[in-house]
Amino acid sequence: MGMKEYIEEAEAALLHTYNRFQIVLDKGEDVYLYDTEGKRYLDFVAGIAVFALGYHNEEYNNALKEQIDKLIHTSNYFYNEPAIRAAKKLLKVSGMDRVFFTNSGAESIEGALKAAKKYAYLKDGCTDHEIIALNHSFHGRTMGALAVTGNPHYREAFEPLIGTVKFGEMNDFTSIEALVTDKTCAIILEPVQGEGGLTPATEEFLSQVRSLCDEKDILLIFDEVQCGMGRTGYMYAWQRYGIRPDILTTAKALGCGVPVGAFLLTEKVAQASLTSGDHGTTYGGNPLALAAVDKVLELYEKNHVVEHVREVAPYLEQRLLELTEKYDCILEHRGVGLMQGLLFDRPVSPIINKAIEKGLLLINAGPNIIRFVPPLIITKEHIDTMITILQQCIEEQ
Ligand SMILES: *Cc1c(COP(=O)(O)O)cnc(C)c1O
């Protein structure tokens, strides 16, 4: 079947919640993807910050194949070996004390919110606690995650969601402080906002929020679903700032394509929140997903993935800043590590569509921002190729 027929069949069968690009992807190799007609694309999307190790990584693929032949699923009522290995590794690199594995980013947010609510409930026996989140945040599409997502357009049709959630501004501590009441149980934020436009928190802001939380015994939740797993040049972005959250969420690159996420807690919160019967999942933490996590974390260490990000990210930034200087239609460069963006004075979808025609995959973050979240193994040569194609697209628009 040609791509056109595939797309027609897809549009007849799938729910229309996405405006998809008009290509059908078939296979991947290194930092390239191929469509069903054999055309090659340089990938600066990585399945939205997921495929950190690049496609067709043999060691990763073999680890999955071996696990498939051994055991794919048990239940959380039993222990399994890959989960134990992966948990130990994840606690070590994240600097947290306890982990609960989920199937996705949104589910890791749900767990984090439940832990925060339970922590507050155990203190005062009440259930009317409030959460503070940030405008332009993105935490996922399930009801709880949606409730703390700072984009009214996503939430509107689904209200009421999970009780009182108030929204402050990124990097404006006064706006957060003003929302705190004696009912506030948690503050949730992305250290580097992803979907909302690649805005990093300042160290000053995070340290003020941390102090406020300490003073009032409010739990600080960092959503590192996108900015975690090495993308900022640190395994987790909190390490960049030296400001540790009470609860940390992770997903996207965690399994490098196998659906898996996690929320992690400090021992203090773990001891005083969710307990037997409070939370569960059928699939979360199953041997197949956790064999992936185990191998991903092993390969990160062996291949010095985080160090590599620190080496190439400044080059990407430099090249994007050159474009910002050169073209009036680019207003601003944003982001850190291999999580960067360009803000345009116009919608970017025509540029992105043109890039796809020329064999380069890019994605937006909001209508006017192109987001660059390539596989973490990207090289300077790939960056140069991307910049050359992007320049052509900007000039031809
Ligand atoms: C993608 C994302 C989520 C949601 O993850 P899903 O796996 O799509 O449910 C949550 N938070 C952040 C910061 C994200 O980027």
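The values are calculated or read from the model by the stated rules, or taken from the named source; none is laboratory data. Keep in mind it's a predicted model, so treat the numbers as computed, not measured. Positions of Cβ are generated from backbone atoms using ideal geometry, with glycine treated the same way; all protein chains shown enter the neighbour counts.
Among residues of region 225-236 that are in the same structural domain as Gly140 (by TED's automatic domain parsing) and of a type in the set (Val, Ile, Thr), those with a Cβ under 7 angstrom from a residue that is in a loop (DSSP other than H, G, I, E, B) and within 9 Å of the ligand (Cβ to nearest atom), sequence gap 6+ or separate chain, pair up as Val225/Ala251.
Residues in region 212-230 that are within 13 Å of the ligand (Cβ to nearest atom) and over 13 Å from the mean Cα position of the chain (by Cα): Ile221 alone. Selection of first residues in region 108-125 that are closer than 13 Å to Lys183 by Cα and of second residues that are within 16 Å of the ligand (Cβ to nearest atom) and at pLDDT 95 or above, restricted to Cβ pairs under 6 Å at least 6 apart or on distinct chains, gives the following pairs, ordered by first then second residue: Ala116/Ala186. Among the criteria (1) outside the structural domain of Pro375 (by TED's automatic domain parsing); (2) in contact (Cβ under 8 Å) with a residue 24 or more places away in the chain; (3) not in a helix (DSSP H, G or I), the one Phe78 does not fulfil is (2). Residue pairs whose Cβ atoms lie under 8 Å apart, separated by 6 or more positions or on different chains, with the first residue in region 377-389 and surrounded by 15 or more Cβ atoms within 10 Å (Cβ to Cβ) and the second modelled with pLDDT under 95, are Ile377/Gly54. Checking each residue of region 259-271 against the condition of being away from the ligand (no atom under 15 Å from the Cβ) and at positive phi gives no match.
Of all the residues in region 272-293, those that are more than 16 Å from the ligand (Cβ to nearest atom) and out of contact with any strand residue (DSSP E or B) (no Cβ under 9 Å at 6 or more places or on another chain) number 10. Checking each residue in region 231-246 for being more than 13 Å from the ligand (Cβ to nearest atom) and surrounded by 24 or more Cβ atoms within 10 Å (Cβ to Cβ) picks out Met235, Trp238, Pro245, Asp246. When region 199-224 is filtered for residues that are in contact with an Asp or Glu (Cβ under 7 Å, 6 or more places away or on another chain) and in a helix (DSSP H, G or I), only Leu212 remains. Restricted to region 42-58, and to residues there that are at pLDDT 95 or above, within 8 Å of Val31 (Cβ to Cβ) and surrounded by fewer than 24 Cβ atoms within 10 Å (Cβ to Cβ), the residue that is farthest from the chain's Cα centre (by Cα) is Leu42.
Residues checked against (1) free of Cβ contacts under 8 Å to residues at least 24 places away in the same chain; (2) within 16 Å of the ligand (Cβ to nearest atom); (3) assigned to a strand (DSSP E or B):
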{"position": "Lys4", "(1), (2), (3)": "yes, no, no"}
{"position": "Lys27", "(1), (2), (3)": "no, no, yes"}
{"position": "Tyr34", "(1), (2), (3)": "yes, no, yes"}
{"position": "Leu42", "(1), (2), (3)": "no, no, yes"}
{"position": "Gly47", "(1), (2), (3)": "no, yes, no"}
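A single member of Val180, Val209, Val192 is within 15 Å of the ligand (Cβ to nearest atom), modelled with pLDDT of 95 or more and aliphatic (A, V, I, L, M), and it is Val192. Quick one: in region 87-103, which of the residues that are in a strand (DSSP E or B) and more than 16 Å from the ligand (Cβ to nearest atom) is surrounded by the fewest Cβ atoms within 10 Å (Cβ to Cβ)? In this case the residue turns out to be Arg98. Entry remark, region 247-287: residues being surrounded by fewer than 24 Cβ atoms within 10 Å (Cβ to Cβ), within 18 Å of the chain's Cα centre (by Cα) and of a type in the set (A, V, I, L, M, F, W, C) number 1 in total. When Gly194 is tested against (1) out of contact with any Asp or Glu (no Cβ under 8 Å at 6 or more places or on another chain); (2) surrounded by fewer than 18 Cβ atoms within 10 Å (Cβ to Cβ); (3) under 24 Å from Leu342 (Cβ atoms), exactly one condition is not met: (2). Determine, yes or no, whether Leu299 is at pLDDT 95 or above, more than 16 Å from the ligand (Cβ to nearest atom), of a type in the set (A, V, I, L, M, F, W, C) and out of contact with any helix residue (DSSP H, G or I) (no Cβ under 7 Å at 6 or more places or on another chain). When the stated conditions are applied, Leu299 does not pass them.
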